[in-house]
1. Using θ = phi - 60° and the Karplus curve 6.51 cos²θ - 1.76 cosθ + 1.60, what whole-Hz ³J(HN,Hα) does each residue of the stretch 207-215 get, with Gly and Pro shown as x?
2. Find the centroid of the Cα atoms in the stretch 40-66 and in the stretch 212-226, then give the distance between the two in whole Å.
3. When all protein chains stay in place, what accessible area (Å², nearest 10, 1.4 Å probe) is found for TRP140?
4. For the stretch 15-155, state what percent of all Cα-Cα pairs lands in each successive 10 Å bin, counting from 0 Å until the bin that includes the largest distance.
5. On a 1.4 Å probe surface of the protein chains, which of VAL65, VAL25 comes out largest in accessible area, and what is the full order?
6. Go ahead and run the numbers for FRET between ARG106 and GLU13, Cβ-Cβ distance against an R0 of 25 Å, rounding to 0.05.
7. For MET91 and LYS42, what does the FRET efficiency come to when R0 = 41 Å and r is the distance between their Cβ atoms, rounded to the nearest 0.05?
8. Report the calculated FRET efficiency for VAL225 and THR82 (r = Cβ-Cβ distance, R0 = 25 Å), to the nearest 0.05.
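The values are calculated or read from the model by the stated rules, or taken from the named source; none is laboratory data. Keep in mind that this is a model prediction, so the values were computed, not measured. When we count neighbours, we look across all protein chains shown, and the Cβ atoms used for this are built from the backbone with ideal geometry, even at glycine. Protein only, heavy atoms only, side chains kept; ligands, DNA and RNA dropped before computing areas. Shrake-Rupley method; radii C 1.70, N 1.55, O 1.52, S 1.80 Å.
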Amino acid sequence: MPGGVETVRNTKEHFKYAVTKSIPVFFGYIFLGIAFGILMSKAGYGPFWTLAASLFIYAGSMQFVLVSFLAAGAPLGLVALTTLFINGRHMFYGLSFVERFRKMGRYYPYMVFSLTDETYSVLCSIPDEKAETEPRIMFWISALDQAYWAAGSLIGALAGGLLPFDFKGIEFSMTALFLVIFLDQWKNSKKHGAAAAGLAVSVFFLILLGPDRFLLPSLLILAAVMCLGFIREEQKGECKE
């Protein structure tokens, strides 16, 4: 009995911590989810299909693109290729969490499926020692983030065009969300080299290639820089030993 009580207490603490960490994502996902639900409703798809998309596709910006594809009757191959280009960035930053996710046992498949840009940012803000000893926190953060998105999309689908709001410019909430998470990580981290490199590389390619084509090369360069930095740190550790 004492062990069971302790397990329940730990679960509550993990859940409470996850809620606290995921609050910034809540505000972004709820409103963006509502926007997606409204678009689905206007395209002729009911709440069931909207909720199913948020539960089984859960692809953020790709879901917005999907609405236009569904409305136009686009072929499946085009949808798959577009999804690869839009969400291919997940393969780059997801590699840093593969080993940690594997150690989570039965949660591993869901953690891979539910890793979004915002969830990744929040998971990175968890202290390493806490993430290693209490991996369920990462699961709750991932599950809560998807719940926020699904809830928002369902609200939007049910309300449809009845909401008396002008949703023009709502996409900026995603930018604001990233800014909040970035500032939080900057404040809590002692080293800012990775963040500075990310800013410098992103701004460089943004100026060079424009807003529509800067993301992929920025990710490629940053992935290379991070790999070199990791190798260098490993070599330093070996020298010290």
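1. 5, 6, 10, x, x, 8, 10, 8, 5
2. 28
3. Near enough 70 Å² of accessible area.
4. Bin by bin from 0 Å, the calculated values are 12, 40, 33, 13, 2.
5. Details: VAL65 45, VAL25 0 Å².
Greatest to least solvent exposure: VAL65, VAL25.
6. Values: r = 21 Å, r/R0 = 0.83.
It comes out at approximately 0.75.
7. Working: r = 32 Å, r/R0 = 0.79.
So the FRET efficiency works out to roughly 0.80.
8. On the way: r = 28 Å, r/R0 = 1.11.
Between VAL225 and THR82 the formula returns 0.35.
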